[in-house]
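J.: Take this structure first; my questions come after.
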Amino acid sequence: MCLAVPGKIISVHGEDLARQARVDFGGVLKEVNLAYVPEAQIGEYVLVHVGFAISVVDEEEAGKVFGYLKEMGELGELAELTPDPGAKQ
């Protein structure tokens, strides 16, 4: 099954189609392409699918999605982690 997982943008670099972000998925950091969400900024949450951020979501929505995925057992290496939307990065 293909899923989009929420994560918090920690840093951004590059421009246009090469714009990338370091995204925190409850403690697991990954590089993500921001070409589809040029408006995304540091501190915001994005839904990520196969390495691409596909939409910007608010903290509450990110927490809900993460919770649903955890309940379904669809988080793989993230299954033991819980998001902390209030955590300062």
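J.: Calculated FRET efficiency, Glu31 and Glu61, Cβ-Cβ r, R0 22 Å, to nearest 0.05?
T.: With a Förster radius of 22 Å, E is 0.45.
J.: Can you list the residues of the stretch 36-60 with backbone N under 19 Å from a point 7 Å past the Cα of Ala18, pointing along Cα to Cβ?
T.: In the stretch 36-60, the label zone of Ala18 (backbone N under 19 Å from the point 7 Å along Cα→Cβ) covers 36-39, 52-53.
Any read-out appearing in this document is the output of simple, stated calculations on the displayed coordinates, not a laboratory observation. Computed from a predicted model, the values in this text were never measured in an experiment. Every residue, glycine among them, receives a Cβ derived from its backbone with ideal geometry; neighbour counts consider all protein chains shown.
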